[in-house]
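To keep things clear, I will list the structure first and then write my remarks on it.
The values are calculated or read from the model by the stated rules, or taken from the named source; none is laboratory data. Small disclaimer: the values here were computed from a predicted structure and weren't measured. Positions of Cβ are generated from backbone atoms using ideal geometry, with glycine treated the same way; all protein chains shown enter the neighbour counts. Each accessible area value is taken on the protein alone, full model and side chains, heavy atoms only, with ligands, DNA and RNA left out. Shrake-Rupley method; radii C 1.70, N 1.55, O 1.52, S 1.80 Å.
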Amino acid sequence: MTKKLGIIGVGHFASYLVEGFFNAAAENKILLSPRSHDRSQLLAQKFNCEVAIDNQDVIDRSDIIILAMKPKDLKSVIGDLNFTDKKLVISVVAGSQLGTLSSCVAPATMVCALPISCAAINKSPTLMYPHQEDAFKILSQVGTVMSCTSQQEFNTAGTYSAFYGWNFKFMAELSKWGEKNGLSCDMSRKIVEQILMGVSGMSANESDITLDDIIQNVATKGGITELGLNIIEDQDAFHAWHDAMDAVHKRLSGK
């Protein structure tokens with residue numbers, strides 16, 4: 001990476017990004033804000049980073065600045081900072097609205113992005129709006145980048161970042177069922193992990209047909225897959241997932 005990267009807001013999520021950038025290229029030089037002092041120092045030692053004097057120092061010494069603080073802190077943190085037209089600012093804060101943030105960092109170039117925590121293992125499906133080539137290149141180091149064409153599309157697609165987190169709960173519940181019924185913790189967890197990886201791989205491999213068609217193929221008439229799906233659908237369990245997605249989408253859209 002030839003451009004210098006700075007990160008303001010060094011919480012848990014920023015830690016995932018730092019690890020992913022380090023995995024992608026150990027020679028990456030990253031400048032961290034000092035606010036979370038202990039975590040910044042730990043990341044500096046572990047992943048070849050440097051800790052800045054303050055947030056303005058991060059901006060002044062970086063070409064690309066990633067904003068990774070909590071949503072409630074975003075405006076207050078960047079409100080007192082000065083940017084130049086040579087800077088590229090990427091907000092990875094959930095609910096980021098391009099129009100609002102662009103005026104806060106003017107005259108810098110503003111991009112909204114939404115990676116998820118598997119950036120740490122360079123597997124993040126990362127959303128970006130609008131497309132910007134330097135942002136695309138740096139974010140591609142931690143996974144696959146998908147550019148959105150509007151704020152509305154970005155908000156809708158970003159809802160799936162919450163769905164990502166819910167899957168860990170889904171995995172935990174299924175693993176507990178296995179333990180309850182005589183499996184070891186390690187075995188039940190591994191089965192769930194391998195099945196979900198298989199589902200994703202199969203879907204990608206058969207991308208020429210719809211997911212509904214795949215369901216029809218695997219849910220043999222009178223079989224165990226159909227049996228379980230009938231119970232889930234009879235209890236309208238999928239409705240709760242739609243409600244949850246609607247709630248997250250509403251928040252991300254600022255409604």
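Solvent-accessible surface (1.4 Å probe) assigned to residue 12 amounts to roughly 130 Å². When all protein chains stay in place and ligands, DNA and RNA are ignored, the 1.4 Å accessible-area order of 159, 100, 149, largest first, is 149, 100, 159. The figure for residue 238 is an accessible area of roughly 100 square angstrom, using a 1.4 Å probe on the protein chains alone. For residue 189, the accessible area of its heavy atoms, probed at 1.4 Å with every protein chain present, is near 140 square angstrom.
How tilted is helix 224-234 with respect to the longest principal axis of the chain? Cα atoms for both, answer in degrees (0 to 90, nearest 10). That works out to roughly 70 degrees. Decide, for region 83-124, between rounded, prolate and oblate: order the square roots of the alpha carbon gyration tensor eigenvalues as a ≥ b ≥ c, take rounded if a/c falls under 1.5, and otherwise choose prolate if a/b is larger than b/c, else oblate. Oblate is the answer for region 83-124, as a/c is 1.5 or above yet b/c matches or exceeds a/b. Our note on the geometry: Cα centres of region 187-255 and region 87-159, 27 Å apart.
In the calculated pair-distance distribution of region 95-230, the portion above 17 angstrom amounts to 72 percent of the Cα-Cα pairs. Stretching residue 136 away from residue 190 to a fully extended chain increases their span by 16.1 nm, per 0.36 nm per residue minus the current alpha-carbon distance.
Grab the DSSP H runs of the chain that are 4 residues or longer, score each as -39,500 (n - 2.57), total them, divide by all residues and round the 222 nm result to the nearest 500 deg cm²/dmol.
-16000 deg cm²/dmol
Along the chain, the exposed loop sites are GluC sites (Glu not before Pro) outside DSSP states H, G, I, E and B with at most 14 other Cβ atoms within 10 Å, and the longest stretch free of them is 28-205. Semi-axis lengths, largest first, of the ellipsoid equivalent to region 165-223 are 26, 14, 10 Å, with √(5λ) applied to each eigenvalue of the Cα gyration tensor. Just so you know, the averaged projected area of the alpha carbon convex hull for region 1-114 sits at 6.3 nm².
Nonpolar atom fraction for region 1-158, defined as the carbon and sulfur part of the 1.4 Å probe accessible area, stands at 52 percent.
Output the antiparallel fraction of DSSP beta bridges having both residues in the chain, as a percent to the nearest 5. Of those bridges, close to 10 percent are antiparallel. Rounded to the nearest 20, the Cβ-based charge dipole of the chain about its Cα centre (Lys and Arg +1, Asp and Glu -1) stands at 760 debye.
Counting only protein chain heavy atoms and rolling a 1.4 Å probe, the accessible areas of 168, 83 rank, largest first, as 168, 83.
Across the alpha-carbon atoms of the chain, the computed radius of gyration and Dmax are 20.9, 66 angstrom.
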